[in-house]
Amino acid sequence: METLKTKPDEKAQQQLADETFMSAADLRNYMTEMQMAKAMKSVDGMDRAEKARHDLIKRMAEPIDLTPERLQEILQPLKSKLRSAAERGETELMVMRFPNSLCLDKGRAINNADPTWPDTLTGRPRQAYELWRDQLRPAGFRLSAQIIEWPGGFPGDVGFFLKWGEAKK
């Protein structure tokens, strides 16, 4: 009766040591290194996202010069999006999304449906509200603002929605 070998022979040990086959310890080290690399990539990605968010807030805090040409550049795509939404049978469209830090109260008035919420707006969101108030409201559009994201259970981004359907009573 032949006995089974429990120790690999020299050739087998050489194959196990070869880079095409890692030992269990090598494999554990490799997995740890890969997980650390992914975590670093994730952290780097979060850092880049945070920087991009900060840059966005900085840009949106600065009002734009609403020349007649610039106003047309804004209104033309808006009209097209509104027409497309109406063709789909929709009666509202989110026309702007912005960080709640562009509200003086971080969006609390919007979240609480306080009628004075427009007074909390700054920068471009304020300009968007004024554009609605001065040009779109007289044309029959309604505007609502709501918190559309809740990171960690706290108010996050705000959305502006233009509405043109029947007003709810």
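Shown here are the Rg and Dmax of the Cα trace of the stretch 39-111, at 16.9, 48 Å. Subtracting the Cα-Cα distance of Arg137 and Ala24 from 0.36 nm times their residue separation leaves 33.8 nm of extension gain.
Here, each number is a calculation from the coordinates, and none is a lab measurement. All figures in this text were calculated on a predicted structure; none of them were measured in a lab.
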